[in-house]
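This report concerns only the one structure given below.
The values are calculated or read from the model by the stated rules, or taken from the named source; none is laboratory data. These numbers come from a predicted model, not from an experiment. Only protein heavy atoms, including side chains, enter the accessible area calculation; ligands, DNA and RNA are left aside. Shrake-Rupley method; radii C 1.70, N 1.55, O 1.52, S 1.80 Å.
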Amino acid sequence: IKLAKKSVSIVHLSFALSFLYNIIGLSVAVQGLLSPIFAAILMPLSSISVVIFTSISTRWIFNKSKLAP
């Protein structure tokens, strides 16, 4: 149950990270400082960074809980 609660906190942190990316990207795009090509490159990179953050965090919590084989 502790591992599940920590996993939910990782999901919340991932959501916050994604929200932060979108707020920053939206504010820069609204100001006209972001070209569409650059935005098209950054969007997948932000998704990949959230996936990497989630994978590393989950693995770290799993190892810390001493449930790893």
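Which whole number in µm²/s is D for the chain by Stokes-Einstein, with the Kirkwood Rh taken over Cα pairs at 10 °C and 1.306 mPa s?
Once the numbers are plugged in, D ends up at 116 µm²/s.
What does the accessible area per residue of the stretch 11-63 come to in Å², with a 1.4 Å probe and no ligands, DNA or RNA counted?
Heavy-atom accessible area per residue stands at 77 Å².
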